[in-house]
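The values are calculated or read from the model by the stated rules, or taken from the named source; none is laboratory data. Quick caveat, the model's predicted, so the values are computed rather than measured. All Cβ positions, even for glycine, are placed from backbone atoms using ideal geometry, and neighbour counts span all protein chains on display. The protein model used for the area step is the full one, side chains on, heavy atoms only, and it has no ligands, DNA or RNA in it. Shrake-Rupley method; radii C 1.70, N 1.55, O 1.52, S 1.80 Å.
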Amino acid sequence: MTDPMGELLPPPRLMMTPGPSNMDARVYRALATPLVGHMDPWFTAMMSDVQILLRRVFQTENRMTYPVSASGSGGIEAAVVNPLEAGDEAIVCSNGWFSDRMAVIGERTAAKIIRVEAPYGKTVDPDDVRRAGRGRKIKLVGLAHGETSSGVLQNLDDYRKVADELGAILVVDAVATLGGVPLDVDRQRIDICFSGSQKTLSAPPGMAPITLNTRVEEIVKTRKTPVQSWYFDFVPIMSFWGSERTYHHTPPISLIFALREALRLALEEGLEARWERHRQNQHALIAGIEALGLQPFVKNPADRLPTVVAVVVPAGVDEAKVRAQLREEFNLEIAGGFGPVKGKIWRVGLMGYVSQKSNVLLFLAAFEKVLGDHGFRVPAGAGVGAAVHSYAEAGAVATHG
Ligand SMILES: *Cc1c(COP(=O)(O)O)cnc(C)c1O
């Protein structure tokens, strides 16, 4: 325990986890902006700015684009409870902890949820989805673009195709990908897409940016029964974040200020530049990991998530002890695995503000040192050297086309 009356002094951690990520100083400053009431004309006008920025990041024209007042899981909940009601059937692609959460939440609605599964570290086979939906009236197909629990990226276009064949809407969990991995809501025709503020957008936790198209608006307006959740019901929220600005609930004003700044930062950098930065740092980190004699958990390079690198824990090394030492000795936090991969993988986050060359090189140096203390010896500097080489190659490509 700390002293409850003592000054609040958290340790200065570098959070190389799958969220929350560290934030740019500009985002901290925005967070400290004095409050303005949520019905103040200045604030209700500023809400439109946030929506414009969110639409640019999601790459959509959807009117209903706003931050849900909840963490990423609240985004899943809003995306699932609004379209589903008794008599509906939905398919959820489950290949890890977070994509499965969509099924778990769906099972609390009156709809029937069909899980199509793949093991941790693998993508869900779109043909399995096709088979599971054959002869049924599927209303919704849901999946995680990036499955954070295993570091897997899925190709959205394959699932869009199947959802079209089934006549279903496509719901995409982009909590781990928005702002770090190519994603284009309108071009990829995603019906509902949501994210989390604390991950690749590097804003504080507590908001789930979401976007839904008119097809979804129509579905929720014509429901036979009210949405089971009062708080997440899209219909009254449309009156607040839609044109009228009618009070529904008090939004987290300070978080919205911070999100606005984080979105400005993302768009100043440019989405393409941002995706490229995440890709280069991912490649350098993986090159470093491999040079240390370790293996990425996801075998197929095309399925690796640029924002979370999962690493197999070598035999004889205690996963949790390595993590604890990185934290205590280097103020550096990485994550372990949970569920079936508990104790078996480390997960190194490279999200948003944290996805930087300096962090990759620091991590590899610290990791080498800590692994050595745990009896896993590697050639000195091998990881850093391989990463430096990877950056040089990426630079050469960038310079010479
Ligand atoms: C983190 C995460 C969530 C859950 O977000 P919370 O903010 O922890 O509620 C959901 N889906 C994915 C893919 C995530 O990475």
- Query: From the set of residues in the stretch 187-213 that are in contact (Cβ under 8 Å) with a residue 60 or more places away in the chain and polar (S, T, N, Q), which is farthest from the ligand (Cβ to nearest atom)?
  - Reply: ASN213
- Is the stretch 51-67 home to any residue that is open to solvent by 40 Å² or more (accessible area, probe 1.4 Å), among the aromatic types (Phe, Trp, Tyr) and in the same structural domain as TRP97 (by TED's automatic domain parsing)? no
- Query: Filtering the stretch 59-78 down to residues that are outside any helix (DSSP H, G or I) and among the polar types (S, T, N, Q), which residue is nearest to the ligand (Cβ to nearest atom)?
  - Reply: SER71
- Pairs, first farther than 17 Å from PHE194 by Cβ and open to solvent by less than 10 Å² (accessible area, probe 1.4 Å) in the stretch 144-155, second in a loop (DSSP other than H, G, I, E, B) and within 10 Å of the ligand (Cβ to nearest atom), C-beta under 7 Å, six or more apart: SER149/GLY96; SER150/GLY96; GLY151/LEU305; VAL152/GLY96; VAL152/LEU305
- the stretch 38-58 - residue that is over 13 Å from LEU259 (Cβ atoms) and without any contact (Cβ under 8 Å) to a residue 12 or more places away in the chain and, of those, farthest from the ligand (Cβ to nearest atom): PRO41
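Residue by residue, here is whether (1) more than 12 Å from the ligand (Cβ to nearest atom); (2) assigned to a loop (DSSP other than H, G, I, E, B); (3) modelled with pLDDT of 95 or more holds:
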| position | (1), (2), (3) |
| --- | --- |
| PRO83 | yes, yes, yes |
| ILE91 | yes, no, yes |
| PHE98 | no, no, yes |
| THR109 | yes, yes, yes |
| ARG131 | yes, no, yes |
- Query: When both residues are 6+ apart or on different chains and their Cβ atoms are under 7 Å apart, which pairs have a first residue that lies in the stretch 19-30 and is surrounded by fewer than 23 Cβ atoms within 10 Å (Cβ to Cβ), and a second that is β-branched (Val, Ile, Thr)?
  - Reply: ASN22/VAL354
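Among the residues in the stretch 131-140, are any on the phi > 0 side of the Ramachandran plot and either in the same structural domain as GLY339 (by TED's automatic domain parsing) or surrounded by fewer than 18 Cβ atoms within 10 Å (Cβ to Cβ) (or both)?
Scanning the stretch 131-140 turns up at least one residue that is on the phi > 0 side of the Ramachandran plot and either in the same structural domain as GLY339 (by TED's automatic domain parsing) or surrounded by fewer than 18 Cβ atoms within 10 Å (Cβ to Cβ) (or both).
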- Query: Is it true that VAL216 is among the hydrophobic types (A, V, I, L, M, F, W, C), surrounded by fewer than 22 Cβ atoms within 10 Å (Cβ to Cβ) and over 17 Å from MET102 (Cα atoms)?
  - Reply: yes
- What residue, of VAL341, VAL348, VAL311, VAL354, is away from the ligand (no atom under 15 Å from the Cβ) and β-branched (Val, Ile, Thr)? VAL311
- Note on the structure: Of the conditions (1) within 16 Å of the ligand (Cβ to nearest atom); (2) assigned to a helix (DSSP H, G or I); (3) out of contact with any Asp or Glu (no Cβ under 7 Å at 6 or more places or on another chain), the single one that GLY121 does not satisfy is (2)
- Task: Would you be able to tell me the number of residues in the stretch 1-59 that are over 26 Å from PHE98 (Cβ atoms), touching an Asp or Glu at 6+ places or on another chain (Cβ under 8 Å) and charged (D, E, K, R)?
- Result: 2
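This table checks each residue for (1) part of a loop (DSSP other than H, G, I, E, B); (2) closer than 28 Å to ARG29 by Cα; (3) outside the structural domain of VAL216 (by TED's automatic domain parsing).
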| position | (1), (2), (3) |
| --- | --- |
| ARG160 | no, no, no |
| VAL172 | no, no, no |
| VAL175 | yes, yes, no |
| LEU183 | yes, no, no |
| GLN188 | yes, no, no |
| SER197 | yes, yes, no |
| LEU201 | yes, yes, no |
- Task: Within the stretch 303-339, work out how many residues are modelled with pLDDT of 95 or more and not in a loop (DSSP other than H, G, I, E, B).
- Result: 23
- Message: Anything in the stretch 171-186 that is away from the ligand (no atom under 13 Å from the Cβ) and either farther than 20 Å from LEU305 by Cα or open to solvent by 10 Å² or more (accessible area, probe 1.4 Å) (or both)? List them, or say none.
- Response: PRO182, ASP184, ASP186
